[in-house]
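Chemist: Sharing a structure, written as structure tokens. Questions coming.
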Amino acid sequence: MGGAVRDTLLERPVRERDWVVVGSSAEQLLRRGYKPVGKDFPVFLHPVTAEQYALARTERKVGPGYHGFSFDTSEEVTLEEDLGRRDLTINAMARDSEGVLIDPYGGRRDLEERILRHVSEAFAEDPLRILRVARFAARFKELGFTVAPETMELMRGMVTAGEASALKPDRVWQETEKALAELNPEVYFEVLRECGALAIVFPEIEALFGVPQPAKWHPEIDTGVHTLMALQVAACLSQNVAVRFAVLTHDLGKAQTPKESLPRHRGHEERSVAILQQLCSRLPVPRRHRQLAEAVARHHGIVHRADELKPSTVYRLIEAVDAMRRPERFQEFLLACEADARGRSGLEDRPYPQAELLRAALAAALGVRGEDLRGTPPGPALGKRLRERRIEAIRGALAAGSVSQPP
């Protein structure tokens, strides 16, 4: 069903298979040893393979949001009726037990034409589908897929009607986290912006578009454009969703720069942290993601100036991001900063030696340990001496790895 058929036709790996059961009932499946799962409608796990089997169903809108549905799972519901409630035609295909393709809504044609098209007007009844379309657009951008104009228009109408406002924070984050893991996560936000949903689900990101930056440092000028360019670079540098989320949110404070200060953004780092914290209080962003994002938002500017910094300043940076205790997160931190630096028009392939310089500085600091200072009395004196020795080690690393600093 659905994704398994789609991915098979696209010659992509099939992660899981699910089945639709026609002409049966929950009682019959239970008697055969199937185990029920799911609260909203009858889904069962096969007693041997553990694959999902769902009773064919139709649904009817009875209330707002994506919980406002009633379901009919009677034995009279046909496979075509069940497929008709799917979101996109490419997800509304099935194969029978003999392997014959069942495609009542033209999914194969849309696969060949690289189109993401809604199955029916019932699409508009579920606001979660706006996010799903955006996520599929991000997943299949590499294959040339685009959203059908009529589907985009339908999504705009849903936003205008207030359906996007009914999306629950946990579902917004679930879809966003999946989208951030795709090869082209920036497309997710582009599609949401095109249909108007970005202003509803991520107003902090929508607010960045139209905010100017100095053309000398940012040839693309627009802060929103830069943010998505940096996210695209981050996707090339790392598959880590926490890194990508940090890049997405690193410049949020620029949306609140006083107009008389534009296009400069003095002090935007602390504003970014405050807005990021508000975003994370609204959405269930994992703590690990939030902590990395806060570090990047607060310190990315100083990282870009790594070759200008005093050894003591580098050590303070290392301490501020807890790099001595968490060196693996420092690597993620530097990847996010690199994505920011390279997420600029014409600079996407520019080297970022600052990261290598700071990696060397951390390695030098980690090489100085308390046991190396035998004879120093324990307590404040030991801590002071350890700090001095680490700063000296950093000084040597900076001198050995000095770089020509890009702007």
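The values are calculated or read from the model by the stated rules, or taken from the named source; none is laboratory data. Since this is a predicted model, take the numbers as computed values, not measurements. Glycine also receives a Cβ, built like all others from the backbone with ideal geometry; neighbour counts cover every protein chain displayed.
Chemist: For the range 107-133, which positions are at pLDDT 95 or above and surrounded by fewer than 17 Cβ atoms within 10 Å (Cβ to Cβ)?
Modeler: ARG108, ARG109, GLU112, GLU113, ARG114
Chemist: For the range 356-368, does any single residue satisfy the condition of being in contact with a Gly (Cβ under 7 Å, 6 or more places away or on another chain), assigned by TED's automatic domain parsing to the domain that holds LYS310, among the charged types (D, E, K, R) and at pLDDT 90 or above?
Modeler: yes
Chemist: Further question: Which of (1) farther than 14 Å from GLU338 by Cα; (2) in contact with a Pro (Cβ under 7 Å, 6 or more places away or on another chain) does LEU231 not meet, given it meets every other one?
Modeler: (1)
Chemist: Of the residues GLU194, GLU177, GLU182, which is in contact with a helix residue (DSSP H, G or I) (Cβ under 9 Å, 6 or more places away or on another chain) and outside any helix (DSSP H, G or I)?
Modeler: Only one candidate qualifies: GLU182.
Chemist: Still on this structure, please answer the following. Quick one: in the range 69-85, which of the residues that are touching a helix residue (DSSP H, G or I) at 6+ places or on another chain (Cβ under 8 Å) and at pLDDT below 75 is farthest from ALA124 (Cα to Cα)?
Modeler: Here the residue is THR73.
Chemist: Next question, about the same structure. Between a residue in the range 23-37 that is assigned by TED's automatic domain parsing to the domain that holds GLN52 and any residue that is in a strand (DSSP E or B) and loosely packed, with under 13 Cβ neighbours inside 10 Å, which pairs come within a Cβ distance under 9 Å, given they are 6 or more apart or on different chains?
Modeler: Sorted first by the residue in the range 23-37, then by its partner, the pairs are ALA26/PRO36; LEU29/PRO36; LEU30/PRO36.
Chemist: Same structure again: Would you mention how many residues in the range 256-272 are crowded, with 19+ Cβ neighbours inside 10 Å, assigned to a helix (DSSP H, G or I) and in contact (Cβ under 8 Å) with a residue 24 or more places away in the chain?
Modeler: Residues flagged as crowded, with 19+ Cβ neighbours inside 10 Å, assigned to a helix (DSSP H, G or I) and in contact (Cβ under 8 Å) with a residue 24 or more places away in the chain within the range 256-272 amount to 2.
Chemist: Do you know which residues across the range 290-322 are among the acidic types (Asp, Glu) and under 15 Å from GLU332 (Cα atoms)?
Modeler: GLU294, ASP322
Chemist: Which members of the range 92-106 meet the condition of being surrounded by 16 or more Cβ atoms within 10 Å (Cβ to Cβ) and farther than 17 Å from ALA56 by Cα?
Modeler: Listed by number, the list holds a single entry, GLY106.
Chemist: Mind listing whichever residues of the range 153-165 are of a type outside the set (Ser, Thr, Tyr) and either under 13 Å from the mean Cα position of the chain (by Cα) or surrounded by fewer than 18 Cβ atoms within 10 Å (Cβ to Cβ) (or both)?
Modeler: Passing the criteria: GLU153, ARG156, GLY157, ALA161, GLY162.
Chemist: Surrounded by fewer than 19 Cβ atoms within 10 Å (Cβ to Cβ) and within 19 Å of HIS289 (Cα to Cα): which single residue out of ALA199, ALA207, ALA148, ALA181 fits that description?
Modeler: Result: ALA181 is the single residue among ALA199, ALA207, ALA148, ALA181 that is surrounded by fewer than 19 Cβ atoms within 10 Å (Cβ to Cβ) and within 19 Å of HIS289 (Cα to Cα).
Chemist: OK, next. Looking only at the range 1-23, count every residue that is at pLDDT below 85 and surrounded by 13 or more Cβ atoms within 10 Å (Cβ to Cβ) and tell me the total.
Modeler: Matching residues across the range 1-23 total 10.
Chemist: Could you tell me whether GLN331 is within 20 Å of the chain's Cα centre (by Cα), of a type outside the set (A, V, I, L, M, F, W, C) and modelled with pLDDT of 95 or more?
Modeler: yes
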